[in-house]
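The values are calculated or read from the model by the stated rules, or taken from the named source; none is laboratory data. Because the structure is predicted, anything quoted here is derived from the model rather than measured. Here the Cβ positions follow ideal geometry from the backbone for every residue, glycine too, while neighbour counts run over all protein chains shown.
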Amino acid sequence: MRVLKLSQFLVVSVSLFAAPLFAQELTVQQAIVESESHSPRLQKAKAAQEEVSWRKTEALNTFLPTLQASASYLFDKKYVLTDVSLSPGNPPVSVPGVVPTTNFMLTASYPVFEGFAGMNRYSSASSFSSAAEKEYDWAEFQLSREVILQFYKTLAAKNFLEVAEQNLKTLQDHLRDVNLFKKAGMSTNYDVLRVEVQVSEAESEVLNATDNLAVARTKLAEVMGLDADQRSLTGVWPTFNAKSATNLQKDTLSSRPDLQALELRSEGSKSLSKAAGSYFVPRVSLFGQYQYYNNRNERYDDWDNYREAYQVGVNLTWTLFDGMTSIARDHQSFQQAVQSEKTLVQARLRAQQDLEFWKRKYMYYGTVFKARQNDVVKAEESVRLARQGKKVGTRTDTDLLDAEGELFRARAGLVNAQIGSLESLVNLELTTGAKLLNF
């Protein structure tokens, strides 16, 4: 039986499938770059960021004038009559109120004061826009970490399949030897049946590992935003350093973009609540209107008979009661601000708990990983001694079979420890927002 060395087992530099030499390979760096351009989740976050940025532009209407143009032409009309007494004792005369048949009008208004509601709305929109940018950065960071984790889970599935296939091949060799020994009278039916059971279990393990590999490839393509991807994966397992987790403290949580976004949203909700609370303040605005009209005849193209008119002034509007609408909106905005603030507090508390949890998990898997490395070395040495003992007659096929089974379990345990360490490290990154993996 061919025994893989520990160094060969840890360094993953082979393709995911036995592909031709010209097949294209996929590295973890390429997977991250492609996911940024194909992932629908990241594209959705980008669209949300653009939407909020235009809301900030919309809020500029507080500081900019409004200009409207209109035109009207009357096909038919009946003038309003006003009775006017020209002299005492004479009957009143009905004077028609002439309305222009054709009228071009340009109206401009500029808000002067509205209780700082517009400024608060703009401040709120600015906060929400900054929050959307932070949320996009966080979505991009999350996606890269998910790609990294799924990439190495796929490589781990490949390792499991290699180990399962090697174990099956070893057991099949044993079964062939045992059958030969039985014919020579050196083995019994018990030995044959025992190996046959182990071969059957090994075949089931290979089928399960093959299915897990196919599922992992499908999941990786989904995370990357692709329908399917059959390129072979190549890469080296990242090294794990316990110091990188020990240095992470609670103050590092402030660098998380999603927490910063929640803080900005809380500030934006407070500004929006202030804007809604100024409903009882009178609004003052300047306005001007220019008219170019024809009230002399019915023609719209008789430009010689057109006249001009204009008016400029100041307008004050004071809403004294609007059916409780403004009061209700004021209270709604206030409660929304409370919800945003409490969501931020809840997220910070959860982040502190996650930090402690994943630090412990990372330290645990780091210890387990080192132990599994030693287990693989010991199991390889055990197999070597069992083989030599079998040659000199001090060990049996059963001893060698047991030693090889221990080597299989040690290798599987090492892969589990690797993926556990990586998953803990990625979750530490997602908890703190710090990049601990350099990709």
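From the list R360, R409, which one is in a helix (DSSP H, G or I) and under 35 Å from the mean Cα position of the chain (by Cα)? Lay out the reasoning, then the answer.
Numbers: R409 fails: under 35 Å from the mean Cα position of the chain (by Cα).
None of the others qualify; the one that does is R360.
Would you confirm whether any residue within the range 53-65 is among the small types (G, A, S), under 30 Å from D137 (Cα atoms) and touching a Leu at 6+ places or on another chain (Cβ under 7 Å)? No, there is no match, as no residue in the range 53-65 is among the small types (G, A, S), under 30 Å from D137 (Cα atoms) and touching a Leu at 6+ places or on another chain (Cβ under 7 Å). Within the range 103-161, if we keep just the residues that are more than 30 Å from Q260 (Cα to Cα), of a type in the set (F, W, Y) and surrounded by fewer than 19 Cβ atoms within 10 Å (Cβ to Cβ), the residue that is farthest from the chain's Cα centre (by Cα) turns out to be F104.
Residues are listed down the side, and each one gets a yes or a no for (1) out of contact with any helix residue (DSSP H, G or I) (no Cβ under 9 Å at 6 or more places or on another chain); (2) free of Cβ contacts under 8 Å to residues at least 40 places away in the same chain; (3) farther than 30 Å from T317 by Cα; (4) charged (D, E, K, R):
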| position | (1), (2), (3), (4) |
| --- | --- |
| Y190 | yes, yes, yes, no |
| L220 | no, no, yes, no |
| S255 | no, no, yes, no |
| L272 | no, no, no, no |
| A275 | no, no, no, no |
| S285 | yes, no, no, no |
| N297 | no, no, yes, no |
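Of the numbered criteria (1) at pLDDT 90 or above; (2) farther than 30 Å from S129 by Cβ; (3) polar (S, T, N, Q), the one S7 fails is (1).
Is it fair to say G366 is at pLDDT below 90, surrounded by 13 or more Cβ atoms within 10 Å (Cβ to Cβ) and of a type outside the set (A, V, I, L, M)?
Numbers: at pLDDT below 90: yes; surrounded by 13 or more Cβ atoms within 10 Å (Cβ to Cβ): yes; of a type outside the set (A, V, I, L, M): yes.
Yes, satisfied.
When restricted to residues that are farther than 30 Å from Y279 by Cα and part of a loop (DSSP other than H, G, I, E, B), the range 99-120 contains 3. Under 7 Å by Cβ, and 6 or more places apart or on different chains, what pairs join a residue from the range 362-387 that is farther than 16 Å from A412 by Cα with one that is charged (D, E, K, R) and surrounded by fewer than 20 Cβ atoms within 10 Å (Cβ to Cβ)? Matching pairs, first to second residue: S382/E406; A386/R395; A386/D399. Taken over the range 275-287, the criterion of being surrounded by fewer than 21 Cβ atoms within 10 Å (Cβ to Cβ) and under 38 Å from the mean Cα position of the chain (by Cα) is satisfied by G277, S278, Y279. Against the conditions (1) within 37 Å of the chain's Cα centre (by Cα); (2) under 28 Å from T246 (Cβ atoms), R329 satisfies every one except (2).
Taken over the range 23-57, the criterion of being within 30 Å of S269 (Cβ to Cβ), of a type in the set (S, T, Y) and assigned to a helix (DSSP H, G or I) is satisfied by S53, T57.
Could you pull out the residue among N241, N212 that is in contact with a helix residue (DSSP H, G or I) (Cβ under 7 Å, 6 or more places away or on another chain) and either among the polar types (S, T, N, Q) or free of Cβ contacts under 8 Å to residues at least 12 places away in the same chain (or both)? If you could, list the steps in order and put the result at the bottom.
Details: N241 fails: in contact with a helix residue (DSSP H, G or I) (Cβ under 7 Å, 6 or more places away or on another chain).
Exactly one residue qualifies, and that residue is N212.
Whenever a residue of the range 324-339 is touching a residue at least 40 places away in the same chain (Cβ under 8 Å) and on the phi > 0 side of the Ramachandran plot, it has no partner that is of a type outside the set (A, V, I, L, M, F, W, C) and surrounded by 14 or more Cβ atoms within 10 Å (Cβ to Cβ) lying with C-beta atoms less than 8 angstrom away and at least six residues away or across chains.
Do we find that A371 is among the aliphatic types (A, V, I, L, M), within 30 Å of E201 (Cα to Cα) and assigned to a helix (DSSP H, G or I) in this structure? Full working, then the answer.
On the way: among the aliphatic types (A, V, I, L, M): yes; within 30 Å of E201 (Cα to Cα): yes; assigned to a helix (DSSP H, G or I): yes.
In short, yes.
Across the range 336-363, the number of residues qualifying as loosely packed, with under 15 Cβ neighbours inside 10 Å, closer than 22 Å to S424 by Cα and among the aliphatic types (A, V, I, L, M) comes to 1. Among the residues of the range 289-346, those that are in a loop (DSSP other than H, G, I, E, B), out of contact with any Pro (no Cβ under 8 Å at 6 or more places or on another chain), of a type outside the set (F, W, Y) and under 28 Å from V99 (Cα atoms) comprise R296, N297, E298, R299, D301, D302. Scanning the range 129-161 for residues that are of a type in the set (F, W, Y) and out of contact with any Ser or Thr (no Cβ under 9 Å at 6 or more places or on another chain) yields Y136, W138, F141, Y152, F160. Looking at the range 69-98, which of its residues are hydrophobic (A, V, I, L, M, F, W, C), part of a strand (DSSP E or B) and under 15 Å from N295 (Cβ atoms)? Residues satisfying the conditions are A71, V80, V95. Within the range 200-227, how many residues are over 26 Å from L437 (Cβ atoms) and either assigned to a loop (DSSP other than H, G, I, E, B) or of a type in the set (S, T, N, Q) (or both)? Total meeting the criteria: 5.
Residue pairs whose Cβ atoms lie under 7 Å apart, sitting 6 or more positions apart in sequence or on different chains, and linking a residue in the range 76-102 that is within 14 Å of E298 (Cα to Cα) and without any contact (Cβ under 8 Å) to a residue 60 or more places away in the chain to a partner that is outside any strand (DSSP E or B) and β-branched (V, I, T), are K77/V99; Y79/V98; Y79/V99.
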